[in-house]
1. Would you mind checking which residues have amide H under 5 Å from Lys267's amide H? H placed 1.01 Å from N; only 5 or more apart, or other chain.
2. Taking R0 as 22 Å, what's the FRET efficiency between Glu149 and Thr98 from their Cβ-Cβ distance, rounded to 0.05?
3. Hey, rough spin-label estimate for Asp35 and Thr52, points 7 angstrom out along Cα→Cβ, what's it come to in nanometres?
4. Helix-only estimate, please: 222 nm mean residue ellipticity of the chain, summing -39500 (n - 2.57) across DSSP H runs of length 4 or more and dividing by its residues, to the nearest 500.
5. Just the number, please: percent antiparallel of the DSSP beta bridges in the chain, rounded to the nearest 5.
6. What is the diffusion coefficient of the chain in µm²/s, taking the Kirkwood radius over Cα pairs and the Stokes-Einstein relation at 20 °C with a viscosity of 1.002 mPa s?
7. In square angstrom, rounded to the nearest 10, how much accessible surface does His180 have for a 1.4 Å probe?
8. Between Asp234 and Met80, take the C-beta separation as r, use R0 = 56 Å, and let me know the FRET efficiency to the nearest 0.05.
Amino acid sequence: MIRAAIIGLGKMGMSHAAILGGIPNVQLVAVCDTDNLLQSAFKKLTTIECYTDYKKMIDEVKPDCVYVVTPTKLHYDMVMYALEKGCHVFCEKPFALTLEQGTAMVEKAKSKGLVNQVGYHNRYIGTFNRMKQLLSEGVIGKPFHFIGEAYGPVVLKRKGGTWRSDKKNGGGCIEDYAAHVLNLINYVTGSNLIECSGIQMPSIFSSEVDDAVYGSLKLANGLQGQISVNWSDDTVRKMTTSIKIEGDEGKLEADATTLKVYVKEDKPNYSLVKGWNFIYITDVTDIVSFNLRGEEYTAESEAFINSIITGKIDSRNSFENALQTDYIIKKMEANVGENQ
């Protein structure tokens, strides 16, 4: 039985707590948060140990793994302490505020031989995984352009800030929304983003951070494309993320519910006919032990726990992958400064 602990009981922390309760071979033994209301609820309704000091929790409970689900500025100290104590670590995104911190966490996890994962859940969505497969197997021929998009109604008026609206806390649209798109482009194409140009990061309603991100990107394999992200878009009900890739023999368009495949001739080996083909999330999603918010959230935790049990580190969502996303974010932020 894998003994797990969680640091941070916000929306994602509570989600992870519920999901872990439904996964076989894992037991949530402790949680850490400074909120008195959350503490009282856990103490009243569960037998889970509650702490306000994460170091004390790790030292006393000695969990096998720790979920770090806090604002980004807190990640480094918490992750490094957990790793030093021999705990496998699942860290929510964005990974780190600086590349130096991210590199140190990657190296510490490697030196300790510990399982490490970052919560970029899109890598566990069936439509994006099928898109990755079809692209790598040349179904649309040679790709020549991509577009990564995300829109959502997060900041729709000028108001008092939260940690997300504080740049020093790891906030802003580029960290919260664009990070998902950048990470997904890396994953689907199998190539790291290395260059950017023409980056625009306007503040629409926020006073200290960006509310949208636009610009051109280049992958290590030479493929180029654009990113368009806006968390101040009230034309959508909730966050929507999509990737489009054009090739000389067809086109792929995917979001969290549907993969659309256009091919110029029949592809019987893939059950694709000339023209548009539609593959739905229900056709490409594996069964998980407990579905909360979407199968992908459980799938990522199942992969993390299974890696601990088997001793085989799943590299799909590793610290190192997340650091590549942080790398291009820093380059994009610097490019904005160059253009001003």
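The values are calculated or read from the model by the stated rules, or taken from the named source; none is laboratory data. Please read these numbers as outputs of a predicted model, since none were measured by experiment. Every residue, glycine among them, receives a Cβ derived from its backbone with ideal geometry; neighbour counts consider all protein chains shown. With ligands, DNA and RNA removed, areas are computed over all heavy atoms of the protein, side chains included. Shrake-Rupley method; radii C 1.70, N 1.55, O 1.52, S 1.80 Å.
1. Leu272, Val273, Lys274
2. Numbers: r = 27 Å, r/R0 = 1.24.
Calculated value: 0.20.
3. According to this spin-label approximation, the distance is 1.6 nm.
4. Details: 9 runs with 111 residues, N = 340.
Rounded to the nearest 500, the figure is -10000 deg cm²/dmol.
5. Percent antiparallel among DSSP bridges in the chain is about 60.
6. 102 µm²/s
7. It works out to around 20 Å².
8. Numbers: r = 40 Å, r/R0 = 0.71.
The formula returns an efficiency of 0.90 here.
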